[in-house]
4 protein chains.
Amino acid sequence: MTRPREVKVALLGATGAVGQRYINMLPRHPYLHLEALMGGESAGKKYGEAVHWLFPDPIDPEMAGTVVKRAKPESAKGCDIVFSALPSEVAAEVETKFAEAGFTVVSEASAHRMDADVPLMIPEINAEHLALLESQKRKRGWKGAIATTPNCTGTGLSMVLKPLIDQFGAKRAIVTTMQALSGAGFPGVPSLSIQENVIPYIKNEEEKVAAEAKKILGTLSNGVIKPSPIAMGISCNRVAVIDGHMETLYADLSQEVTPRAAEKSLETFRGEPQRLKLPTAPDHPIIVRKEDDRPQPRLDRLAGSVPGMSVVVGRVRNGIDGRSIQLTLLSHNTIRGAAGTAILTAELMESEGYLGT
Amino acid sequence: MTRPREVKVALLGATGAVGQRYINMLPRHPYLHLEALMGGESAGKKYGEAVHWLFPDPIDPEMAGTVVKRAKPESAKGCDIVFSALPSEVAAEVETKFAEAGFTVVSEASAHRMDADVPLMIPEINAEHLALLESQKRKRGWKGAIATTPNCTGTGLSMVLKPLIDQFGAKRAIVTTMQALSGAGFPGVPSLSIQENVIPYIKNEEEKVAAEAKKILGTLSNGVIKPSPIAMGISCNRVAVIDGHMETLYADLSQEVTPRAAEKSLETFRGEPQRLKLPTAPDHPIIVRKEDDRPQPRLDRLAGSVPGMSVVVGRVRNGIDGRSIQLTLLSHNTIRGAAGTAILTAELMESEGYLGT
Amino acid sequence: MTRPREVKVALLGATGAVGQRYINMLPRHPYLHLEALMGGESAGKKYGEAVHWLFPDPIDPEMAGTVVKRAKPESAKGCDIVFSALPSEVAAEVETKFAEAGFTVVSEASAHRMDADVPLMIPEINAEHLALLESQKRKRGWKGAIATTPNCTGTGLSMVLKPLIDQFGAKRAIVTTMQALSGAGFPGVPSLSIQENVIPYIKNEEEKVAAEAKKILGTLSNGVIKPSPIAMGISCNRVAVIDGHMETLYADLSQEVTPRAAEKSLETFRGEPQRLKLPTAPDHPIIVRKEDDRPQPRLDRLAGSVPGMSVVVGRVRNGIDGRSIQLTLLSHNTIRGAAGTAILTAELMESEGYLGT
Amino acid sequence: MTRPREVKVALLGATGAVGQRYINMLPRHPYLHLEALMGGESAGKKYGEAVHWLFPDPIDPEMAGTVVKRAKPESAKGCDIVFSALPSEVAAEVETKFAEAGFTVVSEASAHRMDADVPLMIPEINAEHLALLESQKRKRGWKGAIATTPNCTGTGLSMVLKPLIDQFGAKRAIVTTMQALSGAGFPGVPSLSIQENVIPYIKNEEEKVAAEAKKILGTLSNGVIKPSPIAMGISCNRVAVIDGHMETLYADLSQEVTPRAAEKSLETFRGEPQRLKLPTAPDHPIIVRKEDDRPQPRLDRLAGSVPGMSVVVGRVRNGIDGRSIQLTLLSHNTIRGAAGTAILTAELMESEGYLGT
């Protein structure tokens, strides 16, 4: 951590399922300090009274007593960064207003993710994409800017693909997901729909995962991101698990590889956050388990030095031939797949001087 | 149905989870009549007292009052066919004894499935493989013979691959399964292991599914089965669902195909059991659902004209390109994937004269 | 069944979770014939397209093609009876309109249940309460009338209390429920709330169960129902089960009783529907299981001659002394606890001449 | 904490589900130091290799590398106390051998719980019962002694009854439990038995809970425990939840009480461990929640200053009249209901000088 000054934080969508994870994580943060909570219907109420709190851990008492403000730039006055946990329907307009007003917004919403001049960040993979922020400001004439983080399902997948592409030339990925209930927010999936069942469909998810992964894994040159050429076939399923997205990956590679070499590539993978020792960066972005029957959501979703920030991989083995790898991966969908990556992005921005003086 | 004579049936392993499904299905059968129940520790007791019955439907009263016999050939005297629902560890030896003693055995156990002279039957796919029984008898010097049915996971998959291979030249299949608890028998999976969890591993399952599918889909020539050349990459997972194995399939084909053409190929698929109008043959071996979010285990596992005997397919769409197809399939693991296919095999054998006068 | 004329039926709230059960049950009924489906937002659409169908069994094709009408008396023209599966908020007003317009309404909604002149029917218990309908018409100046059926939780409980009161003078009942998800309708309970959890509260449920049971078990004299003096203490819980409300009952009695005598009292209990052999009347309104570990929702909720219409009781034993009985009961909440009892009430009304010519 | 000397600990039954909780809790303990792990079939292996570890948290590395010893007194040489997490079948004999050999045994097994001279400890309730240890030694001629802790279900219940008895004269308790899967150990309840189900029976549990509670709540005079006269009616159920036993309690009292007074009595309850500030003693043995819908197992089982050691109570209300109280309570069955109370008992013994110099 380079500059431990206090960074003032505002949060859009504070009472939603996604927003709650920030309230759960940030009070323990060494320098990000939540100053303003903003919401829609909850505006004017104390956070602790407005929220349908989803976690076993109690709400931080200071947060519980904070009055939620209306979602407008004046509410965030004095803040260095605005996290957006808004639903995508409203995110497009509201986030734009904050950026116009001079705020740096880090958004989990899908609204701006695929905009050509908006970085879609997983700091371990594409720290250099932050450079888009400058051209974005110029082009849009904004004083502020918007950075985004990806869909929960694509996050763990992209992290695993990164070293496989770099080291073995992964060129095709066939993926099947078994996704947790919290990925659908609250109230989300009705219990009558998922009890004693699996649902083989999540609206728009497969398209999002593929498109976003190609952008995240793409290369920046001349201010433009050239998407990764990797081809993807994705099948998304919902299973009755609270947290933790499981995914099977079958990857075709450009060269022969042993499972051992693939495991080594995955477990030695490090990114800019590890080099910078950012507070929310796990020691091991990818943890490799050697047992036959891991990862498992209930046992492994909070593994690692920063709980929920590591992707856990297991069952690494060849596919049909030596030029293919099969594995199972698990990623905590509301930490690494949402608030955690957004917080890590903010830390990276602060560390690299994107958050102003 | 060609010959409605009464066929006398004996059952090995009657009290186990697999055996119970026969007791659940056979009392309603038009001509297969259960005459002898055989077991291990349960021998000497009334079936209704010896069994830990797993179904909501009550045990057929006649069966409940039947005394379980010891698992030896004399116990099946006078029977035309012996179903084996034995655990694989004991199946190898016991089934051999019955075949030596002159019985035709139809076994769900894995013990003999991969023997070169033993047919591995899904009657819709490979009715002609029954011809192996004659050479088996000659070669082994047995008066009886053994036929087998496949692993529960491979059954639905093979049925879906058959028309895709025949019509579009499917050459590679990447499969991820989400398998039901009943596939592990009783007591099977501990609740503490699967509650709020997914287990990404089922011992030996992936190897079995691949090898068996290649045999089932193979061609018989000169008394030898030449395995299908299809290449398979399989990832097996256990989920918290009682019955019904879900599987995603990504298939590479030899030619361009539209989802519509693939759906038509699947839903018009018929086999020998449909032509012979066998009593346990469903009108549609494969049912295609057009909704986005089907099949689902709880809603679709008993679909079709013979509940549990149809494979339900949905989400048919191209993969990375027009030479690939993705879909989701659901197959009832203890009906189509076990007792149902064995009963259908017995019906085919009776219809084609394999069960003697 | 005394008069097998066809009775024409209209249904209010046809697409809701409660209404669907009628569409599931009535097409097989010997003389109740669904003529008109009515709904709110679904009006104008074909039923099969408007409904989010919750059952594995497919929708009856005739029903699926029926166009849903608006919820007003003209839509039910020519019908002999109107079932109401409306949410309670709208039931009060809409049902009144239908009764004013001359229709006999049988309602599952709570709106009118506790009105002094409205019978609250469980036909096995209080067939004679139907006599209230005449005074209701007189008093209200209606051509039609409203009969109601109780809350799902109170139905099974009241049926078990009836013989215990009559034979042993049950005077106090301490009850704890473990209620199924379908009792909350659809979408109802969010999966994130109930997964790996128990919820110890169901809004207004405890009050309703106690008040309704006292009315159901009350005696009619001089046109007024005198509530049963039984005292009740009730704790309602939600558990992760789709269908089937479990309840433990601890009853203080006026006299000594053995478990055997209590079991006999329960299993020999019969009511007017059994004497009249009404089509939806189960042979045994109460089934007594002797095993230690029954009833269980998944195994027993559809027990009996009319699936879902029998209450299943087990674990009958004394409490602290011989003047108390403890037991566990299970009742299918959307059949016996909802549509089934309403249909049985309609059959009773038809049989006793309440449905006009 | 009076004497922070290091206390050397041995553990019987280290690899079982109960034993694992000690390995999970003790490495963080300020002065109890695990010196010897003992097991049956696991003897001779490293703990990390012998155990089927059930928790998400990894095994303490030192413990994982410790070689499991045979379950005999020599293996515990030098230890000040022996925790027994043995199955009851073997506990009777093995624990006796350790006590004869001079060890102080604190056992979770039921074998010796009801022996007249063996204390059955919940330190908040009956710290003074430890005095039985002296007479036990004299009477049995042992150098060591056995203390026990109660069944998991009775622990939370007894803690709630204690202040209700002391302050309001609770004289009858009607209890229904909804118990977690971990209470049955591992492999324990088969998933096929509990998925989409409730099981209304746990063998011997109801008898144990009643008898043990009367002993725990009893008074010691002249070296003999006089059981509490409270009368109990208990119905035990298993539900699909991993940890946390829920119970509804209906208590008849000797005097009028308001819910508010009952809540105050519960939340101000303190015992000897709180006065002694023992390390595993929670600040509040009983936490009272005021919301309608609490406690809930998933949200509240780890509440309090020592996670899992507080009983959480909610829904406090009158029963049929002002001389009765109804409430719902939740207690973590493998912490407060097992290892946690045993550890707290050891701390009490150390603090009061029962563990020798």
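Per residue of the stretch D:287-304, what does 6.51 cos²θ - 1.76 cosθ + 1.60 with θ = phi - 60° give for ³J(HN,Hα)? Whole Hz please, x for Gly and Pro, Karplus curve as stated.
Using θ = phi - 60°, the values come out as 9, 9, 9, 9, 4, 4, 10, 10, x, 10, x, 5, 8, 10, 5, 10, 5, x Hz.
Dipole magnitude of the protein assembly as shown about its Cα centre, charges +1 at Lys/Arg Cβ and -1 at Asp/Glu Cβ only, in debye to the nearest 20?
0 debye
Which of the three applies to the stretch D:152-332, rounded, prolate or oblate, going by the alpha-carbon gyration tensor with a ≥ b ≥ c and a/c under 1.5 meaning rounded?
Rounded, since a/c falls under 1.5.
Got a sec to turn the phi values of the stretch A:79-89 into Karplus ³J(HN,Hα) couplings, 6.51 cos²θ - 1.76 cosθ + 1.60 with θ = phi - 60°, whole Hz, x for Gly and Pro?
Per-residue couplings from phi come out as 7, 8, 8, 10, 8, 10, 10, 7, x, 4, 4 Hz.
Putting +1 on Lys and Arg Cβ atoms and -1 on Asp and Glu Cβ atoms, find which of D:Ile286, D:Pro200, D:Thr248 reaches farthest to the positive end of the dipole of the stretch D:152-332.
The listed residue farthest towards the positive side: D:Ile286.
Can you give the net charge of the other residues whose Cβ lies under 10 Å from the Cβ of B:Ala251, counting K and R as +1 and D and E as -1?
In short, +2.
Among all the lysines, which ones have a C-alpha under 19 Å from C:Lys69's C-alpha, if same-chain residues fewer than 8 places away are not counted?
Within the straight-line cut-off, C:Lys69 pairs with C:Lys8, C:Lys45, C:Lys46, C:Lys77, C:Lys97.
Go through the stretch C:178-185 residue by residue and turn each phi into a ³J(HN,Hα) via Karplus (6.51, -1.76, 1.60, θ = phi - 60°); whole Hz please, and just put x for glycine and proline.
3J(HN,Hα) across the stretch C:178-185, in whole Hz: 10, 9, 7, 5, 5, x, 9, x.
Using Cβ counts within 10 Å as a stand-in for footprinting exposure, how do A:Cys79, C:Cys152 rank, fewest first?
A:Cys79, C:Cys152
Label C:Ser305 and D:Asp166 with points 7 Å out from Cα along Cα→Cβ: what is the distance between them in nm?
Simple spin-label model gives 5.9 nm for this pair.
Please give the direction-averaged projected area of the C-alpha convex hull for chain A, in square nanometres with one decimal.
Answer in nm², one decimal: 16.9.
Which whole-number percentage describes the relative contact order of the stretch A:64-117, with Cα contacts under 8 Å and a sequence gap of 6 or more?
After rounding, I find 38 percent.
Scan around D:Arg172 for amide H atoms under 5 Å from its own, H built in the peptide plane at 1.01 Å from N, and keep only partners 5 or more places away or cross-chain.
D:Ala231, D:Asp252
Starting from the amide H of D:Val288, placed 1.01 Å from N in the peptide plane, find each other amide H under 5 Å away whose residue is 5 or more places distant or on another chain.
Amide H neighbours of D:Val288: D:Val313.
Output, in nm with one decimal and in ascending order, the distances from the A:Ser221 label point to the matching label points of the other copies (7 Å from Cα along Cα-to-Cβ).
Between copies, matching label points for A:Ser221 lie 5.1, 9.3, 9.8 nm apart.
Mind sorting D:Tyr250, A:Tyr354 by how few other Cβ atoms lie within 10 Å of their own Cβ, fewest first?
A:Tyr354, D:Tyr250
Average partner chain C-beta neighbours within 10 Å, per residue of C:239-250?
Mean shielding count: 6.
Copy-to-copy spacing for D:Ser88, label 7 Å out on the Cα-to-C-beta vector, in nm, shortest first?
3.8, 4.3, 5.6
Leaving out same-chain residues fewer than 8 places away, which lysines sit with a Cα under 24 Å from that of A:Lys162?
Hits, sequence-local ones excluded: A:Lys171, A:Lys208, A:Lys214, A:Lys215, A:Lys226, A:Lys264, A:Lys277, A:Lys290.
Just checking the output field for D:296-305: average partner chain Cβ neighbours within 10 Å of each residue's Cβ?
5
How large is the Rg to Rh ratio of the stretch A:22-61 when both quantities use alpha carbon positions and Rh follows Kirkwood?
With Rg and the Kirkwood Rh in hand, the quotient comes to 0.96.
Given the C-alpha centroids of the stretch A:34-53 and the stretch D:100-152, what is the distance between them in whole angstrom?
Value for the Cα centre distance between the two parts: 53 Å.
Please arrange C:Arg270, B:Arg138 by how many other C-beta atoms lie within 10 Å of their C-beta, fewest to most.
B:Arg138, C:Arg270
For the protein assembly as shown, what does the helix formula give at 222 nm: sum of -39500 (n - 2.57) over DSSP H segments with n ≥ 4, over the residue count, nearest 500 deg cm²/dmol?
-8000 deg cm²/dmol
Give me the net charge for the shell around B:Ser193: Cβ to Cβ below 15 angstrom, other residues only, Lys and Arg +1, Asp and Glu -1.
-3
Computed from the mean reciprocal separation of all distinct C-alpha pairs, what Kirkwood hydrodynamic radius does the stretch C:268-357 have, in Å?
14.2 Å
Taking only Cα atoms, what is the 0 to 90° angle, nearest 10, from helix B:205-216's long axis to the longest principal axis of chain B?
Here the helix axis deviates by roughly 90 degrees.
Give, rounded to the nearest 20 debye, the magnitude of the charge dipole that the stretch B:200-263 has about its Cα centre when Lys and Arg contribute +1 at Cβ and Asp and Glu contribute -1 at Cβ.
The calculated dipole for the stretch B:200-263 is roughly 240 debye.
Could you work out the relative contact order of chain B, using alpha carbon pairs under 8 angstrom and six or more residues apart, expressed as a whole percent?
Computed value for chain B: 17 percent relative contact order.
Using the Cα centre as the reference, give the magnitude of the dipole from point charges on the C-beta atoms of the stretch D:215-357 (Lys, Arg: +1; Asp, Glu: -1; all else neutral), rounded to the nearest 20 debye.
Computed charge dipole of the stretch D:215-357: roughly 100 debye.
How big, in percent, is the set of alpha carbon pairs in the protein assembly as shown lying more than 46 Å apart?
Counting pairs separated by more than 46 Å, the tail of P(r) holds 46 percent.
What is the local net charge at C:Gly314, summed over the other residues whose Cβ is closer than 9 Å to its Cβ (Lys, Arg +1; Asp, Glu -1)?
Spelling it out: positives minus negatives among the neighbours equals 0.
The numbers here are math on the coordinates, done by the rules we state, and not lab data. As the structure is a prediction and not an experimental result, all values here were calculated from the model. Positions of Cβ are generated from backbone atoms using ideal geometry, with glycine treated the same way; all protein chains shown enter the neighbour counts.
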